[in-house]
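Everything below concerns the one structure shown next.
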Amino acid sequence: METRSKEANLLANGRPLLLLCMCLGIFLGCSSSDDGDDALGNWVDRSIFDGTPRSGAATFTIGDLGYMGTGFDGDDRLADFWVYDIQGNFWSQLASFPATARSSAAAFTINGNGYVGLGFDGDNELGDFYRYNVAANTWDTIAPFGGSARRGAVAFNSATHGYVGTGFDGDNDKKDFWRYDPTLDTWTELVGFGGNKRRDGATFAINDKIYLGTGVSNGLNQTDFWVFDLTNESWSPLLDLDDDDDYAIVRNSGVGFSIGDKGYFATGDSGAGASIDIWEYDPLTDLWEEKTPYEGTTRQGAIAFSNGSRAFLALGRSGNLYLDDNREFFPLEEEDEDD
């Protein structure tokens with residue numbers, strides 16, 4: 001009532017109300033821009049996954065082909081395996097993963113082949129590992145993982161080696177890292193990671209560097225952010241992910257991917273539930289910028305395919321709803337809700 005009384009007084013005077021409205025309009029216009037309403041980024045619907053909706057699947061990308069398999073559909077762990085053709089925009093089923101059905105497995109690539117292992121079968125954490133021969137569409141057993149059996153680990157690769165670390169082994173969150181040599185079929189433990197323990201973290205690659213962040217340990221989402229230099233296998237800390245003034249990119253069970261010279265963290269469990277926000281990282285400034293949120297349902301346990309110039313985000317779950325949608329992200333375009 002008090003506000004209306006003041007507005008009535010201004011209206012009686014005419015001109016002061018006009019000036020007030022102009023000032024409010026200018027203020028609100030600036031506020032809208034500052035709040036990120038003009039964030040760039042557009043999501044475009046792509047071919048829905050042909051198989052069973054799921055979360056916690058393992059995935060890797062080779063050229064213009066995104067490979068995905070295993071996971072959990074709300075009732076069962078899965079062992080089927082699929083490939084998404086980025087150029088053709090279609091899915092095809094491949095030879096099934098040859099071992100125990102599982103979720104929360106880890107995957108990487110070396111020399112044009114995929115490697116998948118670890119995970120959770122519903123009762124136990126797993127330590128076995130397998131190579132997928134892309135040309136033959138067959139699977140081979142490789143040496144078991146060098147560390148403890150676990151789920152929710154991160155994995156990445158150089159041109160010649162695979163790397164796996166962090167995760168949860170059934171008793172303890174982990175922070176150890178291991179390198180796999182495909183020529184010798186051996187695992188070697190690496191030292192030098194000074195970050196926190198975690199499970200369900202995320203990574204992305206830009207040139208010869210791997211960026212690691214997010215994840216959860218002791219019930220708390222982790223805020224430290226690290227870069228791994230593949231050329232000398234060394235870790236360096238970066239700015240934390242929870243700058244109170246500008247951003248809070250704190251979550252677990254999200255995805256990481258890169259497009260060109262920028263990296264991205266998207267979706268995941270923020271601690272208040274599943275999210276759809278996406279943040280872009282600039283390695284030149286060590287800073288983040290929020291982009292247009294994912295246009296689908298909020299989710300965690302999603303997958304991402306990226307060939308370096310194009311990226312796709314798909315699947316996952318929102319509460320008890322398991323998802324099979326798939327969208328491509330265009331970071332430099334304005335949002336278009338009609339595509």
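The values are calculated or read from the model by the stated rules, or taken from the named source; none is laboratory data. These figures come from a predicted structure and were not determined experimentally. With ideal geometry, Cβ positions are generated from the backbone for all residues, glycine too; neighbour counts draw on all protein chains shown. The accessibility values were calculated without ligands, DNA or RNA, using every heavy atom of the protein model including side chains. Shrake-Rupley method; radii C 1.70, N 1.55, O 1.52, S 1.80 Å.
So, with +1 on the Cβ of K and R and -1 on the Cβ of D and E, and no other charges, what is the size of the charge dipole of the stretch 139-180 about its Cα centre, to the nearest 20 debye? Each step should come with its number before you reach the end.
Working: 5 positive and 5 negative charges, 21 e Å.
Magnitude of the dipole: close to 100 debye.
For the pair residue 136 and residue 159, label points projected 7 Å from Cα toward Cβ lie 2.5 nm apart. Could you name the lysines whose alpha carbon sits less than 22 Å from that of residue 262, not counting residues in the same chain fewer than 8 places away? The reachable lysines, counting only those whose Cα sits under 22 Å from residue 262, are 209, 291.
A 1.4 Å probe run over the protein chains yields, for the chain, 45 Å² of accessible area per residue, whole-number rounding. Charge tally around residue 194: other residues with Cβ under 10 Å, Lys/Arg +1 each, Asp/Glu -1 each, net 0. Once ligands and nucleic acids are excluded and a 1.4 Å probe is used, how much of residue 191 is accessible, expressed in Å² to the nearest 10? Estimated to the nearest 10 Å², residue 191 gives 130 Å². When the residues 276, 210 are ordered by accessible surface, computed with a 1.4 Å probe over the protein chains alone, the sequence from largest down reads 276, 210. Model label sites at residue 62 and residue 123, defined 7 Å from Cα along the beta-carbon direction, differ in position by 3.3 nm.
Quantify, in whole percent, the carbon and sulfur part of the accessible surface of the chain (1.4 Å probe; protein heavy atoms only). Accessible surface attributable to carbon and sulfur in the chain totals 48 percent. Would you list which aspartates and glutamates come within 14 Å of residue 175, measuring only between C-alpha atoms, while excluding same-chain residues fewer than 8 positions from it? Within the straight-line cut-off, residue 175 pairs with 189, 200, 224. Positive-end ranking of 330, 101, 48 along the dipole of the chain, with charges on Cβ about the Cα centre, is headed by 101.
Using Cα atoms only, what is the angle between the long axis of helix 15-34 and the major principal axis of the chain, expressed in degrees (0 to 90) to the nearest 10? Taking Cα atoms only, the helix is inclined about 10 degrees.
Using r as the Cβ-Cβ distance of residue 75 and residue 297, and R0 as 25 Å, what FRET efficiency do you calculate, to the nearest 0.05?
0.80
The heavy atoms of residue 73 offer some 40 square angstrom of accessible surface to a 1.4 angstrom probe.
About the centre of its Cα atoms, the stretch 198-332 shows a dipole size close to 660 debye [charges on the beta carbon of Lys, Arg (+1) and Asp, Glu (-1) only; nearest 20 debye]. On the basis of the beta-carbon distance and an R0 of 35 Å, residue 208 and residue 52 show a calculated FRET efficiency of 0.45. Note on the stretch 170-241: dipole from Cβ charges, positive end direction compared against 239, 178, 190; the farthest Cα belongs to 239.
Between the listed residues 301, 284, 314, the Cα displaced farthest toward the positive end of the dipole of the chain, a dipole computed from Cβ unit charges relative to the Cα centre, is found at 301.
Taking 80, 245, 325 in turn, the Gaussian network model of the chain (Cα-Cα springs below 10 Å) assigns the largest fluctuation to 245. Approximating the spin labels as points 7 Å out from Cα along Cα→Cβ, the residue 193-to-residue 284 distance works out to 3.0 nm.
Distant-in-sequence amide contacts of residue 186, defined by a placed amide H-H separation under 5 Å and a gap of 5 or more residues or a different chain, comprise 181. Relative to the current alpha-carbon distance between residue 93 and residue 229, full extension at 0.36 nm per residue lengthens the span by 45.5 nm. To the nearest 10 degrees, how steeply does helix 2-13 sit against the main Cα axis of the chain, on a 0 to 90 scale? So the inclination is approximately 50 degrees. Overall, the chain carries a charge dipole of about 700 debye about its Cα centre when +1 sits on the Cβ of Lys and Arg and -1 on the Cβ of Asp and Glu, all other atoms neutral. In the elastic network of the chain, a GNM with C-alpha springs shorter than 10 Å, the most mobile of 166, 138, 203 is 138.
Counting only GluC sites (Glu not before Pro) that are in a DSSP loop and have at most 11 other C-beta atoms within 10 Å, tell me the longest site-free stretch of the chain.
Numbers: sites that count: 334, 337.
Formally, the longest exposed-site-free interval is 1-333.
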